[in-house]
Amino acid sequence: VAVAPICVEDFRRLAREKLAPDVWDYIEGGSGGELTVAANRRAFERAELRPRVMVDVSTCPTGTELLGTHLSAPLGVAPTAYHELAHADGEVGTAHGAGTAGVLYVVGMFASRTLEEIAAAATGPLWLQLYWLRRRDVLADLAARAVTAGYRALVLTVDAPRIGRRLRDLRNGFGVDPDVDAANLDADLMATTHRRRTGESAIAVHAAETFDASLTWADLAWLRGLTALPIVLKGILTGEDARRAVDHGVDGLIVSNHGGRQLDPTTPSLHALAEVVAAVDGACPVLVDGGVRGGTDVFTALAVGASTVLIGRPVLWALAHDGGPGVAGLFALLREELEHTMALAGRPRLADIDRAAVRLDRRG
Ligand SMILES: Cc1cc2nc3c(=O)[nH]c(=O)nc-3n(C[C@H](O)[C@H](O)[C@H](O)COP(=O)(O)O)c2cc1C
């Protein structure tokens, strides 16, 4: 009997049935020993919620504001590449789904649909994620197109001077399906992403050729000079870097270890979040991603101080399962689970989800 997914893990199982093994590995895998992938989950699994009782929880609204934009819940789509690998509708499906659910969608630089097509399909807020390319003219062009198409922020991913050693991709000789392209970038710039060679990841080879590993704090001024859009840094894991980012006037931070796909082992997102929130001390919104697989995880991240929580792999699972409606269903589920947790934890408003609402296990 086909049963509609009733938890995030159900989407994972449904997606696995649909995806080719090498695409599944590309999505699911991490780098190195995949220790960080596991640690991201373990950190949430070890959190204990501390309920308050005798609190009026007859309504628990989840709506919030992020950088001046209303969201139905403090949730969003983390930037991921090539959604057409998961479903023929690609990022257009994701935009429909995220818009229907009223959540943020951070579009990946390596989207397989154009920024303009995605914007036309979106009914909710969009941000655009960028990697630091040697070809600065390409970054400038993308930023200008993002402004015209109505994107509301630029997200610079700063944890990827090169690609982590993702052993599954190396073993599979992974290359992007020739029918799926990075629709916003010239084909000549992207040619190597399709190359399949044993022992090689085409994604890693491509990044080695095109990413600029010389990026430092001083370069932020150049990006700032391109547009008046807010600039958000993704991939911050320490209080030191968070302070530095605030000193450089960034508008937001995304605490992330890239879903365990870059440095491995490293700090699980939830623990890094606590450190970053303390360092930032309210100077800008702090978002987080990595290992969030249910409404209780969202609640935990909010208690530790996240403004909004981004979802990576589960969005691709939902897209693979059922396109845009799948993505809308995933976020409706997460929103309902969050609302349910707020009620049972005696925190009827987002502002009530304080640090005392969760006890994080000590590390080790
Ligand atoms: C298949 C895949 C592709 C990704 N592509 C990008 C990308 O293009 N840019 C980026 O900043 N992060 C990328 N990420 C990282 C995500 O934005 C996010 O940090 C991570 O998936 C969150 O962890 P989760 O998958 O456990 O939710 C990718 C992640 C996956 C799984």
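The values are calculated or read from the model by the stated rules, or taken from the named source; none is laboratory data. All figures in this text were calculated on a predicted structure; none of them were measured in a lab. As a convention, Cβ positions derive from the backbone with ideal geometry for all residues, glycine included, and neighbour counts pool all protein chains shown.
For Ala318, state whether it is more than 14 Å from the ligand (Cβ to nearest atom), of a type in the set (A, V, I, L, M) and farther than 20 Å from Ile231 by Cα. No: the conditions fail for Ala318. Can you tell me which residue within region 80-113, out of those that are out of contact with any Phe, Trp or Tyr (no Cβ under 7 Å at 6 or more places or on another chain) and of a type in the set (S, T, N, Q), is surrounded by the fewest Cβ atoms within 10 Å (Cβ to Cβ)? Result: Thr100. In region 196-225, the residue that is nearest to the ligand (Cβ to nearest atom) out of those that are in contact with a strand residue (DSSP E or B) (Cβ under 8 Å, 6 or more places away or on another chain) and assigned to a helix (DSSP H, G or I) is Thr210. For region 205-233, the candidate set comprises residues that are touching a helix residue (DSSP H, G or I) at 6+ places or on another chain (Cβ under 7 Å) and closer than 28 Å to Arg171 by Cα; within that set, the residue that is surrounded by the most Cβ atoms within 10 Å (Cβ to Cβ) is His206. Remark: pairs (first residue in region 348-360, assigned to a helix (DSSP H, G or I) and buried (at least 18 other Cβ atoms within 10 Å of the Cβ); second residue of a type in the set (Lys, Arg) and at pLDDT 95 or above; Cβ separation under 6 Å; 6+ apart in sequence or on different chains) = Ala357/Arg50; Ala357/Arg347.
Against the criterion of being of a type in the set (D, E, K, R), more than 11 Å from the ligand (Cβ to nearest atom) and buried (at least 23 other Cβ atoms within 10 Å of the Cβ), Glu116 does not qualify. Going residue by residue through region 270-281, is there one that turns out to be within 16 Å of the ligand (Cβ to nearest atom) and among the charged types (D, E, K, R)? No: zero hits. Among the residues in region 234-252, are any within 16 Å of the ligand (Cβ to nearest atom), aliphatic (A, V, I, L, M) and either surrounded by fewer than 18 Cβ atoms within 10 Å (Cβ to Cβ) or under 18 Å from Met109 (Cα atoms) (or both)? No, there is no match, as no residue in region 234-252 is within 16 Å of the ligand (Cβ to nearest atom), aliphatic (A, V, I, L, M) and either surrounded by fewer than 18 Cβ atoms within 10 Å (Cβ to Cβ) or under 18 Å from Met109 (Cα atoms) (or both). When the residues of region 17-48 are narrowed to those that are without any contact (Cβ under 8 Å) to a residue 12 or more places away in the chain and over 19 Å from Gly175 (Cα atoms), which ends up surrounded by the most Cβ atoms within 10 Å (Cβ to Cβ)? Selected residue: Glu45. Highlighted here are the helices (runs of 4 or more DSSP H) found entirely within region 233-306 that include at least 2 residues which are hydroxyl-bearing (Ser, Thr, Tyr): 295-304.
This table checks each residue for (1) touching a Lys or Arg at 6+ places or on another chain (Cβ under 7 Å); (2) over 29 Å from His70 (Cα atoms); (3) among the aliphatic types (A, V, I, L, M).
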residue: Val138; (1), (2), (3): no, yes, yes
residue: Ile163; (1), (2), (3): no, yes, yes
residue: Leu170; (1), (2), (3): no, yes, yes
residue: Val176; (1), (2), (3): no, yes, yes
residue: Asn184; (1), (2), (3): no, no, no
residue: Asp188; (1), (2), (3): no, yes, no
residue: Gly199; (1), (2), (3): no, yes, no
residue: Ser214; (1), (2), (3): no, yes, no
residue: Leu226; (1), (2), (3): no, no, yes
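Every condition in (1) within 13 Å of the ligand (Cβ to nearest atom); (2) among the small types (Gly, Ala, Ser); (3) within 14 Å of the chain's Cα centre (by Cα) holds for Ala98 except the one numbered (1).
Per the listing Gly324, Gly312, Gly329, the residue uniquely touching a residue at least 40 places away in the same chain (Cβ under 8 Å), within 16 Å of the ligand (Cβ to nearest atom) and under 28 Å from Tyr26 (Cα atoms) is Gly312. Checking each residue of region 140-158 against the condition of being within 17 Å of the chain's Cα centre (by Cα) and surrounded by fewer than 19 Cβ atoms within 10 Å (Cβ to Cβ) gives at least one match. On the given criteria, is Leu115 within 22 Å of Leu215 (Cα to Cα) and among the aliphatic types (A, V, I, L, M)? When the stated conditions are applied, Leu115 does not pass them.
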